[in-house]
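Any read-out appearing in this document is the output of simple, stated calculations on the displayed coordinates, not a laboratory observation. Just so it is clear, the structure is predicted and the values come from calculations on it, not from any experiment. Ideal geometry is used to build each Cβ from the backbone, glycine not excepted, and the neighbour counts take in all protein chains shown.
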Amino acid sequence: MTISQAPNYGIEDASYQAAGQLQGLIKLVNDFYDIMETLPEAAHIRAMHPHDLSVSRDKLALFLSAWLNGPRLYAAKYGKGISMPRAHAHLPITDADRIVWLKCMSLALQQQDYAEDFKQYLLTQLNVPASRIVALCEQQHSQ
Ligand code: HEM
C-alpha cells in the first residue's frame, strides 16, 4: 500500500519552504508585477499602484514571507500591525479587480518551479485576503 506523502502546507513554515524562501518569493512577486504591467486587462489595477513599482514589489515579497509563516520581514522593515484589508481601504477595489489580481498571480505561479499542488494551494489561500479586501473596499466606497 502506498502512503500519501502530500505535504501539509499549513504546518509550520512548509509553505515558506515550498515557495523557495525569500529568493523564491522575490521571483514570484517580480513575475507577478511584470505580468500586471503587460496584461491589458490588468491596466486598471496597475494604475492604482505608484508609478514606480519597486516599493510595491519589495512590500509584497516581504509581506508574503510572514504570511507563509517565514521570517517577519515586512514588520521588521515597514512596521508592525498591517492589516491587508485596511492597507487597501483607500482604493476602489471591486470583485472584478480581485479576479484580475488572482489571474496575474496564477500566471506568475505558472512560471515558478513549484509543486503543482502548492501553486493551487497558494492561489486558494490568497483568495481569502483578496475577498476580504474587496468586502472592505466596497463598503468604504459605496458611501
Ligand atoms: C484584491 C485584489 C488586490 C488589488 C487590486 C490590490 C492592489 C494594491 C495596490 C494598488 C497597492 C498599492 C497601494 C498604495 O501604494 O497605496 C497594494 C499594496 C499592497 N498589497 Fe495589494 N491588492 C490586492 C490584493 C492583495 C493581496 C491578496 C495581498 C496579500 C495577501 C496584497 C498585498 C499587498 C501589500 C503587502 C501591499 C503593500 C501595502 C503597504 O505597505 O502599503 N494585496 N495592493
Exercise. Hey, what do the phi angles of the stretch 49-66 turn into as Karplus ³J(HN,Hα) couplings, whole Hz, using 6.51/-1.76/1.60 and θ = phi - 60°, x for Gly and Pro?
Worked result: 7, x, 4, 8, 8, 5, 6, 4, 4, 4, 4, 5, 4, 5, 4, 5, 4, 5
Problem set entry | Residues listed by number, the stretch 90-121, amide nitrogen under 14 Å from L39 label point at 7 Å toward C-beta | 96-112
For this session: For the chain, state the average projected area of the convex hull of the C-alpha atoms over all orientations, rounded to one decimal in nm².
Result: 9.6
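Once you list every other residue whose beta carbon is under 13 Å from the beta carbon of L107, what net charge do they have if Lys and Arg are +1 and Asp and Glu are -1?
Values: positive: K103, K119; negative: D31, D34, E37, E41.
With Lys, Arg at +1 and Asp, Glu at -1, the neighbours total -2.
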For this session: Taking the chain as the reference, fit the longest principal axis to its C-alpha atoms, fit the long axis of helix 95-110 to the helix C-alpha atoms, and give the angle between the two in degrees, 0 to 90, nearest 10.
Result: 40
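May I ask you to compute the full-extension gain from R86 to A115, defined as 0.36 nm times their residue separation minus their alpha-carbon distance, rounded to one decimal in nm?
7.3 nm
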Exercise. 222 nm [θ] for the chain, helices only, -39500 (n - 2.57) per DSSP H run of 4+, per residue, to 500?
Worked result: -21000 deg cm²/dmol
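Using packing as a proxy for protection, rank 44-51, 87-94, 55-62 so that the peptide with the highest average count of other Cβ atoms within 10 Å comes first.
Values: 44-51: 12.1, 87-94: 16.0, 55-62: 17.5.
Descending mean neighbour count gives 55-62, 87-94, 44-51.
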Seminar exercise, completed: Residue-ordered couplings for the stretch 118-124, obtained by feeding phi - 60° into the Karplus form 6.51 cos²θ - 1.76 cosθ + 1.60 and rounding to whole Hz (Gly and Pro as x), are 6, 4, 5, 4, 5, 5, 5
Exercise. Points 7 angstrom from Cα along the Cβ direction at H49 and L22: gap in nanometres?
Worked result: 2.1
Exercise. Once Rh for the stretch 1-82 is found with the Kirkwood sum over Cα pairs, what is the Stokes-Einstein diffusion coefficient at 4 °C and 1.567 mPa s, in µm²/s?
Worked result: 91
Seminar exercise, completed: If one compares the long axis through the Cα atoms of helix 21-38 with the longest principal axis of the Cα atoms of the chain, the angle in degrees, nearest 10, works out at 40
